[in-house]
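Below is one structure, written out as C-alpha cells, with a few remarks after it.
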Amino acid sequence: MNCPLCERVKLTKIGNYPYLIHEFKHSYLMLGEHQFFSGYSVLVLKEHYREMTDLPRPLRDEFFHEMMLASKAIETAFNPKKMNMCSLGNVVDHVHWHFFPRYADDPEFTDPPWLRMKLFESAKITPAEAVSSIAKIKQALN
Ligand SMILES: [Zn+2]
C-alpha cells in the first residue's frame, strides 16, 4: 500500500509526527503543516477507508462524534466567524476531514478555502511554530 495518510498514522503511532494535537479512539487530530488559515487542522481516521459511507457502524457514528469534538475545540481556540469542514479525498483517498477556520477580516471570506491552495505552501510552519496553536486546541478539548 502506498498511502501518505497511512504513513502519517504510522509515524504518529510511534510518536514521530510533531503536529499531533490529540488522539481520539478512531482518529488523530493534527494541526495543518501550513497555517494560511490560522488554526487549520486535519482529522485523520486511523484505519484506511476510502469513503465515509464505507465505515461500518458504530465506527462511523463514533468518528462523527470525534469530528464534532475536534471542530468545537478549534472554534473555541480560534473564534472564527465560520468553520469550513471538508472531506474530498481526490488526492489521498483515505478518509480525513479538513477544518478551515474562516475569519471576518478575510476579503475573500465567501470563497471556498481551496481557491487559495496555491498559497498554502507560503504559509508552512515548523513544528516549533506549531506548539502554541497545538496547546490552544488541546486546552479547548479538555
Ligand atoms: Zn491510508
Task: Residue list for the stretch 1-33, filter: assigned to a loop (DSSP other than H, G, I, E, B), away from the ligand (no atom under 16 Å from the Cβ) and of a type in the set (A, V, I, L, M, F, W, C) - done: Ile14, Phe24
Task: Any chance Met83 is under 30 Å from Phe109 (Cα atoms), touching an Asp or Glu at 6+ places or on another chain (Cβ under 7 Å) and away from the ligand (no atom under 16 Å from the Cβ) - done: yes
Task: Residue count for the stretch 87-111, restricted to those that are out of contact with any Phe, Trp or Tyr (no Cβ under 7 Å at 6 or more places or on another chain) and farther than 15 Å from Ser27 by Cα - done: 15
- [ ] Go through (1) within 14 Å of the ligand (Cβ to nearest atom); (2) touching a helix residue (DSSP H, G or I) at 6+ places or on another chain (Cβ under 7 Å) one by one and return the number of the condition Val42 breaks.
- [x] (2)
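Readers should treat all values here as calculations from the given coordinates under stated rules, not as data from a laboratory. Not measured: the values here are computed from a predicted model. All Cβ positions, even for glycine, are placed from backbone atoms using ideal geometry, and neighbour counts span all protein chains on display.
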